[in-house]
Amino acid sequence: MNEGEVFHEKQRLELCAIHALNNVLQERVFTKETADDICKRLAPQCVVNPHRSVLGTGNYDVNVIMAALQSRELAAVWWDKRRTVQSLCMSKVHGFILNVPSRVSLGIVSLPLRRRHWLAVRQVNGQYYNLDSKLKNPVCIGGEAELRTFLSEQLSQDVAEMLLVVRREVEEDGSWLNSDDLKK
């Protein structure tokens, strides 16, 4: 499969959480409006919603991602970075959503600021792709071995976090982890 056949939303405003969700699902399911509705459900009494930017430009938090995935019969499992990515049972993982540090820029000028950015990684037709919405096109990572290397490199950043996107029953039975690692 070539990169032109892989669904890939590009960055708009601070909507990287929405783009990561849609990219990991490989279809446009969520919009700013649906994410804002989730925020209202999560904090119905709040005048200033803690799950998004006060400016209304997005910047949704992990609670919005988790609720969105639940609405699709999926779950987000926080990855414990003390584990090695070798312990992942890749066949049980639908995709990955990472939260990584990102540079802030105005046009071509890069500012000395760091923000947080959500990005998706997903297997499409046997190949794993980096579906970061800040990329012009999806980037083919390769097979499982290359994916494990990519994830290890991403997680080596102190503040990087990873969510495993799995079916609910996989979350419940813990089968996203190799059976050898379940005993530890």
- Amide proton proximity set for residue 9, modelled H, under 5 Å, gap of 5+: 23
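Beta carbons within 10 angstrom, averaged per residue: use that to sort the peptides 19-31, 149-161, highest first.
Values: 19-31: 20.9, 149-161: 14.0.
Put in order of decreasing packing, that is 19-31, 149-161.
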- Note on the structure: Applied in sequence order to segment 129-138, the curve 6.51 cos²θ - 1.76 cosθ + 1.60 (Karplus, θ = phi - 60°) yields integer Hz couplings, x standing for Gly and Pro, of 10, 7, 10, 4, 5, 7, 7, 5, 9, x
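Taken together, the values in this text are just the output of simple stated rules run on the coordinates, not laboratory data. Note that the structure is a prediction, hence the values are computed from the model and not measured. Reconstructed Cβ throughout: ideal geometry from the backbone, glycine too, with neighbour counts over all protein chains shown.
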